[in-house]
Structure formats: C-alpha cells, structure tokens
Amino acid sequence: MVMITYNATTYAAENGESVLETLQRHGADIPYSCEKGTCLTCLVKADSGDIPADARKNLTPALAGQGFLLACMCRPKGDIVLESADDAVIYGRATVTGINMLTPDVSRVKLRPSTPLYYRAGQFINIRRHDGIVRSYSLASVPRLDQELEIHVKRMANGLMSNWLCDQVKPGDGLDLQGPNGDCFYDPGLRERNLLLIGTGTGLAPLLGVARDALDAGHLGAIHLYHGSREADGIYLADALSDLADVHANFHFAPCVSGDGDTKSFRAGRADVAALSDHPDLTGWGVYICGYPAMVHAARKAALLAGASIPNIHADPFDFKDMRDVARAAAEEKPDLW
C-alpha cells in the first residue's frame, strides 16, 4: 500500500488513486479546481519519493525544477512526502484597475500585477480571492499592446467567483494571481500559416488575444475567427472585431448564433460547424478552439479529420468546476467556467 504524507500527516492511498483523490477521500485540506492537470490549482511540493513524469508534464521548467507537482496528476507507485506550495512562490498580487459589463452576463476585468507578468496572449491565469476560492481565466490582452491584463468573466448562476468579480469587486481592490499557464498562444515564427479560431462564450477572450497578437506581428496568412453563442446577447465585442476586419484584409470575423434569435446580424448555426463547413481542408493550418468542452472536443476531432495536425491544434476547454460538498449542500450550484 502506498503511503502519502502531506503536511506531516500520512494517508493510505488506494490502488491507482491520484494524490488529490487520496487527500480528498481522507478529508485533507488541499486546493483544487479542474482535476485534469490544467489549472495548476493543486500544486504541491515533493520532499521525497519517486515522482511520476505525468505529475509535472504541464508545469514550467522553473516550477518542476523546484520540486512542484500536480496532485491531481500524480499517481505514485511508492511512498511519497509532500507539503503545501508556498504562497509567496506561487501567487503574486494584482490590483483591479477597471470593470465593465460587455453583456448582462459577461464582464471585462482589467488587472495590474504588482510585479511584471511575462505572458503570451491567449494563456490563462489563476485568480484567488480572500477566502481561497480559485478560478482560471484566459487573457485577452497582448503584452506589447496593453499595459494591463484583461480577462472576460461569464456570470454563472450562484457562481462564487464570477458573481464576486461582476458585482462586488471595484477598481483599487487587490487579489491574488498565479500564472501564466497554457500553450494556447500565437507563434510568430509561423507568419504565413492560415489560422482558424473557434470560440464559444468567453472562449472568445484567448482568441481575441491570439488574433490581435498575430495581426500586430504582421501575420501574412488568413485569420478566420468564429465566435458562437446560443443566444444573440451572448455575442460580444462584435463591433470591435468587425472594425478589426475592416482594417486588416487577412482577418475575417463570423459571429454565430445557434438558437432562435437575430439571423440578420449574425450567422445562424454553431460556430464550430460553420467554421469546418467553410474550411473543409485544414492541412497546414493552425487551429485554436476555446470554450465549452463538448464543442471543443467535437471541433478538435473535426479539425483532425479535416487534415490539421495534432501539434497545430490548440484546444482549451473551459471545464466546469466540480464544487465542494459544502457548496453542493448549500445549493445546487452551477459552477464558474474557467
């Protein structure tokens, strides 16, 4: 039996369990969010033991080199000793500099980190509020174009973080920030490649960053951005993106509404279906897909069948947060998207 020691307390792991699953089963206090090795919320530090490679595959070399690992991805074969990640190493501070509602349910939040954040447009950051709640949000800002970080927050029914950011946070407030994370960003070395960008909901945020970054870098290939929503009021920044298309001949924007709604201003149907219908041959293309998981997985499969290669597909599913038992007991809460 594998024994996992976490913060000086030892727990017995069942066969095949991840560190996170073991600690959850025993009621240990450990932060977590996506449980898929993406958000990096469950970072812990190893003091001893043989660490499986998968436990560090999504970490930066700097974090891996300091002994950090992801509890949700670590399935140890032998005894292991771990401790909580030091906040001073993982989190920095940021100040909210602006908030405005882009739609009744989507807020644009701008942040200024206390120390410079070196990131690529389209990556994501983790936001933590005072009570320890953590969510991940993609960056719509571009480092060389914007002085502040920009995230788009989708208000969810009873969402702990989203409603706090939309309704309570004010300019001047501080919060904790970790990142950047993720590989959904533009590669300036591939300026002649055609790009297909497909997003739903606030999946537009990283695609907006990628598109602006590519255009500012003088991208030569075509860039096609499809933004989808079930309802017309879920489409946002359409005017700004249309203006961008007017300025750049190689940038094309298609807002899509899949439900009953405005068929004059927007294209009818799902964004992923429209994108793959318009571009059935994606050989040599770069593909970016962000938003609701079902759409992301379906579009990724369709892109592969259309000839896109695996390394050229950047998929970022905005998975739902699996809420803690306390939150479920209080209400059947629909979690935030990250």
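Report the residue count in segment 126-148 for those that are closer than 16 Å to L208 by Cα and buried (at least 19 other Cβ atoms within 10 Å of the Cβ).
Matching residues across segment 126-148 total 6.
Given the conditions (1) crowded, with 20+ Cβ neighbours inside 10 Å; (2) over 17 Å from P31 (Cα atoms); (3) at pLDDT 90 or above, which single one is not true for I99?
Looking at each condition in turn, I99 falls short on (1).
Hey, among the residues in segment 264-289 that are modelled with pLDDT under 95 and in a strand (DSSP E or B), which one's nearest to L195 (Cα to Cα)?
R267
Scan segment 244-263 residue by residue and report those that are modelled with pLDDT of 95 or more and of a type outside the set (A, V, I, L, M, F, W, C).
The answer is D246, H248, N250, H252, P255.
If you check P311 against the conditions, is it touching a helix residue (DSSP H, G or I) at 6+ places or on another chain (Cβ under 6 Å), under 29 Å from C39 (Cα atoms) and either surrounded by fewer than 19 Cβ atoms within 10 Å (Cβ to Cβ) or modelled with pLDDT under 95 (or both)?
Working: touching a helix residue (DSSP H, G or I) at 6+ places or on another chain (Cβ under 6 Å): no; under 29 Å from C39 (Cα atoms): yes; either surrounded by fewer than 19 Cβ atoms within 10 Å (Cβ to Cβ) or modelled with pLDDT under 95 (or both): yes.
The answer is no for P311.
Being surrounded by fewer than 16 Cβ atoms within 10 Å (Cβ to Cβ) and within 27 Å of G159 (Cα to Cα) narrows it down to one residue among P31, P104; which is it?
Numbers: P31 fails: surrounded by fewer than 16 Cβ atoms within 10 Å (Cβ to Cβ).
Criteria check complete, one pass: P104.
When you check R300 against the structure, is it assigned to a helix (DSSP H, G or I), within 27 Å of Q178 (Cβ to Cβ), at pLDDT below 90 and of a type outside the set (A, V, I, L, M), yes or no? If you could, list the steps in order and put the result at the bottom.
On the way: assigned to a helix (DSSP H, G or I): yes; within 27 Å of Q178 (Cβ to Cβ): yes; at pLDDT below 90: no; of a type outside the set (A, V, I, L, M): yes.
When the stated conditions are applied, R300 does not pass them.
Looking at segment 95-121 only, could you name the residues that are farther than 30 Å from D47 by Cβ and among the small types (G, A, S)?
Once the filter is applied, which keeps residues that are farther than 30 Å from D47 by Cβ and among the small types (G, A, S), segment 95-121 yields G98, S107, A121.
Report, by residue number, each residue of segment 86-105 that is in contact with a helix residue (DSSP H, G or I) (Cβ under 9 Å, 6 or more places away or on another chain) and either under 30 Å from D50 (Cα atoms) or of a type in the set (S, T, N, Q) (or both).
V89, I90, T103
Where the second residue is crowded, with 17+ Cβ neighbours inside 10 Å and the first is on the phi > 0 side of the Ramachandran plot and lies in segment 176-189, which pairs have Cβ atoms under 6 Å and are six or more apart or on separate chains?
Filtered contacts from segment 176-189: G179/I125; G179/N126; G182/Q123; G182/F124.
Of everything in segment 241-271, what is in contact with a Gly (Cβ under 7 Å, 6 or more places away or on another chain) and under 16 Å from A298 (Cα atoms)? Give them in sequence order.
Within segment 241-271, S258, R270, A271 qualify.
For a quick check of your reading: which strands (runs of 3 or more DSSP E) sit entirely within segment 149-261 and have at least 1 residues that are of a type in the set (D, E), surrounded by 16 or more Cβ atoms within 10 Å (Cβ to Cβ) and in the same structural domain as T97 (by TED's automatic domain parsing)?
Working: elements: 149-154, 174-181, 195-200, 223-229, 251-257.
Strands (runs of 3 or more DSSP E) meeting the threshold: 149-154, 174-181.
Sort out which residues of segment 138-152 are within 25 Å of A85 (Cβ to Cβ) and in contact with an Asp or Glu (Cβ under 9 Å, 6 or more places away or on another chain), and write them in order of number. Working first, answer last.
Step one: list which residues in segment 138-152 are within 25 Å of A85 (Cβ to Cβ), which gives 138-139, 149, 151.
Hits for segment 138-152 are S138, L139.
The values are calculated or read from the model by the stated rules, or taken from the named source; none is laboratory data. Computed from a prediction, not measured in an experiment: that's the story for all the values here. Every residue, glycine among them, receives a Cβ derived from its backbone with ideal geometry; neighbour counts consider all protein chains shown.
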